[in-house]
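These notes are about the structure you will find just below.
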Amino acid sequence: METVFIGQDEVPDLLPMAQCIEAVRQALADLARGEGIQPLRPVMWLPEKVGALGMMPGYLGSIATMGIKTVTVFPGNAGTEYDSHQGTVMLFDAGNGRLKAVIDATEITAIRTAAASAVATDLLARKDSSVLAILGAGVQGHSHLRAIPLVRPITEIRVWSRSPDNAARLAAAGAGDAAIRAVGSVAEAVGGADVVCTTTASSEPILAGSLLEPGMHVNAVGSSVPFARELDSDAMARSRIFVDRRESTLNESGDFLMAQADGVVDEDAIVAEIGELVAGTRPGRESDDEITTFVSLGLAVEDIAAGDLVYRNALKSGKGFSFEFGGTRHG
């Protein structure tokens, strides 16, 4: 059989956000049930940490697929013609090892990350949550603007960015019937919000615990390395903490590890993995007043689930192009 190659421009049509949310929800539940494999990702940093190459392997038994995302991360690309995150998702048949698909990872990463936040929001935010604050107006700001209103009745959105122009552009993009506006400070964005999404590339905290209010839900998305964080230690200390993967959090999350170094949280502060909530083996929000925080690092099983959805939709629609790539014995 031939291998399917799918480019960046084709992925958004093949990965509708609503479908991706359900695919990620299932993948996280499968992982929690022991039906997936999720190793820690090795990361190779360039000198002075100007950029990195991350390798993210994983396996999902429910779709009999193993895969790997290789992704470069270059924060300095902001404002240039290049995305900060670039790479590929490769899918292999778990029965025979055949390479089924090679898919551009840029849009997969953007969409599945926001989809994971939507799953967490659906499980943890108060049911009547209507005010959304987005901190950061880059790729993930745009993706979360689309994702969160799919799981909660959002009527008001405030956008803050260190670049007022970027915040204004994101606000101008609109979000259905919700009233959306750019604001000049984090405090103005967060005050009175029900759901807060931190989607920046900041290495220093942008969200202070003093700004958190009873009943809030926070999706901490921007940091995926031990030496950067978006939430200060007080914010972590005031939260009931939920994660995509415990092992990853304890090895990779600057938000958690720096708060742990400050002595305000320990491993027991992690209430549950999101997949455990989906599977029904751990409780989520227990009162309307508690503050919940989802620490999102991004998992290979999310990329594999999203990539499989892209692949199947491409086969149905005839998108992408195919050719023999190797692995089949002839003669």
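Nothing in this text is a laboratory measurement; each read-out follows from the coordinates by a stated rule. Since this is a predicted model, take the numbers as computed values, not measurements. A quick note on method: Cβ atoms are made from the backbone with ideal geometry, for glycine too, and the neighbour counts reach across all protein chains shown.
Treat the count of other C-beta atoms within 10 Å as a stand-in for reagent exposure and order 33, 285, 112 from fewest to most. Working shown, then result.
On the way: 33 15, 285 20, 112 32.
Fewest to most other Cβ atoms nearby, the residues stand as 33, 285, 112.
In debye to the nearest 20, how big a dipole does the chain give about its Cα centre with +1 on each Lys and Arg Cβ and -1 on each Asp and Glu Cβ?
Numbers: 27 positive and 43 negative charges, 136 e Å.
I would put it at about 660 debye.
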Place a +1 charge on the Cβ of each Lys and Arg in the stretch 126-295 and a -1 charge on the Cβ of each Asp and Glu, then give the dipole magnitude about the Cα centre in debye, rounded to the nearest 20. 640
How many lysine pairs in the chain, separated by 8 or more positions in sequence or lying on different chains, have Cα atoms less than 28 Å apart? 6
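Would you mind ranking 290, 302, 276, 247 by Cβ crowding within 10 Å, fewest neighbours first?
Working: 290 16, 302 30, 276 21, 247 12.
If I rank by nearby Cβ atoms, fewest first, I get 247, 290, 276, 302.
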Please arrange 59, 311 by counting, for each residue, the other beta carbons lying within 10 Å of its beta carbon, fewest first. 59, 311
How long is the gain from residue 74 to residue 261 if the chain were fully straight, where each residue apart is worth 0.36 nm and the alpha carbon distance is subtracted? 64.6 nm
